[in-house]
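Have a look at this one.
Quick note: the coordinates plus some simple rules give every number you see, no bench work behind them. Remember, predicted model here, so these are calculated numbers, not experimental data. Note that each Cβ is placed from the backbone with ideal geometry, even for glycine, and that neighbours are counted across all protein chains shown.
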Amino acid sequence: MKTYENTGSKDTRSGFGAGLTELGKTNPDVVALCADLTGSLKMDEFKANHPERFFQVGIAEANMIGLAAGMTIGGKIPFTGTFANFSTGRVYDQIRQSVAYSGKNVKICASHAGITLGEDGATHQILEDLGLMKMLPGMTVINTCDFNQTKAATLAIAEHNGPVYLRFGRPKVANFTPENQTFEIGKAVHLQDGTDVSIIATGHLVWEALEAAKSLHEKGISAEVINIHTIKPLDEEAIINSAKKTGCVVTAEEHNYLGGLGESVARTLAQHHPTPQEFVATQDTFGESGTPAELMEKYGLNAKSILQKVEKVMAKK
């Protein structure tokens, strides 16, 4: 069994900041816009190094999206930054009409996603953003798992022509993927080979999936772990091949089970290879205030919950 080492817990939003800082040095077309949350989005260094390419729009998210869309006409590559709730729900109309409809090359970068935002509570903990964004025609949707992958994704989306939604988080989480990795949009990452069950995870739940696989190995159960960092376009081939091998699937995500990764996997399997599936996700509910660990436990978004779902889905084989 392959093992992964946590090289030190880091927040994924800092991975975005590191990637943006590097882009500032290497790509003169990259510009950054922020809605009054420069520190929270880790955009300070880009701002300090390139003040002429940084635009603080204030608490005016809809205006930020409109400005970004306009900048693409002049050949710029705008990266917008604010909390995930404000990056999507608050400005859905502007994203749909000004960005997605005309295929503008805007990179919508969203921090503080999911319930691990923590104490700020339900009004800020968006759990439906992946669904909102993946339903927009032409929108690429990415949800990274750790600092290194977030940095690599930030660099990669600058080279991608078209609108992108990049989702990351607030808390410090395990940093376990390679430091100088190549991020391939739309390509799943096989972390662990297995024959008894496929655990298909995204975002913060990828590390939890690896922890669950370790516990399953001790029980003699061989779990395949796949990191789906790109929700759209989805690597359907990787999902189908894994399901054919193991015969059952558990999906894991920090998102509502309606509209997220699990639903996309279920559609893929229903169309190509019907397979028993269980979902680790929030159950059509809003969040609440609490520490990230408390909320992950309460809403069943951890390795323990994955183990429970594995037991349930394997009984359906």
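Under a GNM of the chain (C-alpha, springs under 10 Å), which listed residue has the highest mean-square fluctuation: Lys25, Lys76, Lys47?
With Cα springs under 10 Å in the chain, the top fluctuation among Lys25, Lys76, Lys47 is at Lys25.
Considering only DSSP beta bridges whose two residues both sit in the chain, what percent are antiparallel, to the nearest 5?
15
What is the sum of charges around Asn241, taking Lys and Arg as +1, Asp and Glu as -1, for the other residues whose C-beta is under 15 Å from the C-beta of Asn241?
Counting the neighbours of Asn241, the net charge comes to -2.
Helix 236-246 versus the longest principal axis of the chain: what is the Cα-based angle in degrees, 0 to 90, to the nearest 10?
20
Related question: Quick one: putting +1 on the C-beta of Lys and Arg, -1 on the C-beta of Asp and Glu, what dipole do you get for region 10-173 around its Cα centre, in Debye to the nearest 20?
220
Calculate how large, on average over all directions, the projected area of the Cα convex hull of the chain is; give the answer in nm² to one decimal.
14.6
Let me ask another. Could you give the dipole magnitude of region 189-314 about its Cα centre, charging the beta-carbon of Lys and Arg +1 and that of Asp and Glu -1, in debye to the nearest 20?
260
Starting from 0.36 nm per residue, how many nanometres of slack lie between Asp284 and Lys244 once their C-alpha separation is accounted for?
Full extension of this stretch gives 11.5 nm more.
Relative to the longest principal Cα axis of the chain, at what angle does helix 147-159 sit, 0 to 90 degrees, rounded to 10?
50
Pull out a ≥ b ≥ c, the square roots of the eigenvalues of the alpha-carbon gyration tensor of region 10-173, then state rounded if a/c is under 1.5, prolate if not and a/b is larger than b/c, and oblate in the remaining case.
rounded
State the antiparallel share, in %, of DSSP beta bridges confined to region 189-314, rounding to the nearest 5.
Antiparallel bridges make up about 20 percent of those DSSP assigns within region 189-314.
A follow-up question, please. Please determine, in degrees from 0 to 90 and to the nearest 10, the orientation of helix 61-73 with respect to the longest principal axis defined by the Cα atoms of the chain, where the helix direction is its Cα long axis.
80
Please report the antiparallel percentage of the DSSP beta bridges confined to region 10-173, to the nearest 5.
Counting DSSP beta bridges with both partners in region 10-173, the antiparallel share is about 10 percent.
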